[in-house]
Amino acid sequence: MGARTWFVIAAAGRASRYGGTVPKPYLRIAGRTLIEHAARALMAVPGVAGGVVVLATGDRRYERLPPAVRRRLVAVEGGPTRAASVLNGLQALVV
């Protein structure tokens, strides 16, 4: 039986308390964005098949991530709240 574990990264927030010019998921640390760090760490776990990343409406930065990261991710649009965004991510897993 193959890998059956999937993950959801909620990255659709506005980060209003953060107040930076770059959305938090795209901040670079050690040459990679926070989304990249999270996705690579989760994908390195044995048995993980892939994941869903929940993005803000109109997010165009995601397309600039390396193909090696995006290959095992499904991108979906977030909702009006964090809970709604996570639900969108979970629903993408059952389709």
| request: Roll a 1.4 Å probe over the protein chains and send me the accessible area per residue for the chain in Å². | output: 65 Å²
| task | Report in % the part of the accessible area of the stretch 11-78 that belongs to carbon and sulfur, leaving out ligands and nucleic acids; probe 1.4 Å. | result | 54 percent
| request: State to the nearest 20 debye the size of the charge dipole of the chain about its Cα centre, where the only charges are +1 on K and R beta carbons and -1 on D and E beta carbons. | output: 240 debye
| task | Express in nm, to one decimal, how much length is gained between T81 and V45 on full extension, taking 0.36 nm for each residue of separation and deducting their alpha carbon distance. | result | 10.1 nm
| message | Can you give the local net charge around A49? Use residues other than it whose beta-carbon is closer than 11 angstrom to its beta-carbon, Lys and Arg +1, Asp and Glu -1. | response | +2
| Dipole of the stretch 38-86 [Lys/Arg +1, Asp/Glu -1 at C-beta], most positive-end residue of A83, T57, L73 | L73
| said: Tell me the label only: which of (1) 7.1; (2) 7.7; (3) 6.7 is mean projected area of the Cα convex hull in nm² as calculated from this structure? | reply: (3)
| remark: For I9, the residues 5 or more places away or on another chain with a placed amide H closer than 5 Å to its own amide H are V52, V53, V54
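The values are calculated or read from the model by the stated rules, or taken from the named source; none is laboratory data. The structure presented is a predicted model; accordingly, all values stated were derived computationally and were not measured. When we count neighbours, we look across all protein chains shown, and the Cβ atoms used for this are built from the backbone with ideal geometry, even at glycine. These area figures cover heavy atoms from the full protein model, side chains too; ligands, DNA and RNA do not enter into them. Shrake-Rupley method; radii C 1.70, N 1.55, O 1.52, S 1.80 Å.
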